[in-house]
Amino acid sequence: MGVDIQLWRARIGLFSPRGKSKLSQSVIVIKGSSVSIAIRFALMVSLLIILSGDVESNPGPGPTLRSTASGGQKDEQPTNADLISMLRELKGDIAHLNEKMEKTEQEINKKLGTKLDDLQKNMNENYDHLTKEQKELNIKVGELESKLDNVESQSRRNNLIFKDIPEDPHETWDAAEAKIKDFISKDLGIGRDIPLERAHRLGRPSRFNRPIIVKFLSYKDREAVYRACWERKAIHGKKITEDYTVKVRRARGKLYDYARNVLKATNFRIRFNKLSVNGTTYMYSESNDSVYPLRPYPNSAAGGVSIGQYDQQQRDTSEHTQ
């Protein structure tokens, strides 16, 4: 067996003779007119060397040398069966990855669903607790408002408001008090002196006669003046009213409308915040904006129901019907 030419060339490198050849020692003299002939001659020699078959244009280590240097094994191209096997393995890996992703997604959805259910449960519990607290606070606020209104009503207990009393320009408090005393003695026919704590006009001056609010030192004197006014139906167009809070005035207006428009009553009386018609007493509830009769309460010894108890019953009924 001979030595492989490619292996031999790779070991010794490019072929180059050690000795000087006759060709290298010879000198070719080329003149200016013979340049094209020299170029053609060089090209022809190069082509003849290439066509001889023993010389390559770019010799180097071939596939045999590369396989020998890497371990003596030759490169093998994959077959169709190898490609199909690789595709099957890749398909199996993708399916396994998809299965893992689905399991992970299911676990995440399960945990997230549990968290959301717990959060919804906590929110519902907090909402119910806040709703209960709000109802309790509304009840307490209503009770406080009622107590405050009662205190204000007590502070106005000795007051009366006189309307359509002639007003003088730049009228003073003393002048207004003197007019009230003159009205009590002359128009109402009360001869004795009734002491007043104070008396003054309400509101800003205008072209109309402003009402005069009067505070009596004694509640008995105040009741005597008010009773005398009711006994005298016509007092030259002058009127006397009691001094009520805004809440009481609103309730009295509702009771008056109820007596006139609903009961169609002609003979009725409104005393403070109660309406009396044919022996039945009615009151107004702000919680559900309605007028109700004072019915007997089972646990009451007197057979009546308190305002706070009935108003609370009306609030509970209104909340259930909403």
Item checked: Residue-normalised accessible area of region 91-144, expressed per residue, 1.4 Å probe, Å² -> 96 Å²
Check: With +1 on each Lys and Arg Cβ and -1 on each Asp and Glu Cβ, how big is the dipole of region 103-186 about its Cα centre, in debye rounded to the nearest 20?
Finding: 480 debye
Next item on the list: Mind giving me the FRET efficiency for Glu152 and Asn126? R0 is 30 Å, r the Cβ-Cβ distance, nearest 0.05 is fine.
Entry: 0.20
Check: Tell me, what HN-Hα J-couplings in whole Hz come from the Karplus equation 6.51 cos²θ - 1.76 cosθ + 1.60 at θ = phi - 60° for each residue of region 179-195, using x for Gly and Pro?
Finding: 5, 5, 5, 5, 5, 5, 6, 8, 7, 8, x, 9, x, 6, 7, 10, x
Checklist line | Spacing of the two label points (7 Å from each Cα toward its C-beta) at Ala81 and His200, in nm | finding: 11.8 nm
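The values are calculated or read from the model by the stated rules, or taken from the named source; none is laboratory data. The shown structure was predicted, so the numbers you read here are calculated from the model rather than taken from an experiment. With ideal geometry, Cβ positions are generated from the backbone for all residues, glycine too; neighbour counts draw on all protein chains shown. Note: areas computed on protein heavy atoms with side chains; ligands, DNA, RNA excluded. Shrake-Rupley method; radii C 1.70, N 1.55, O 1.52, S 1.80 Å.
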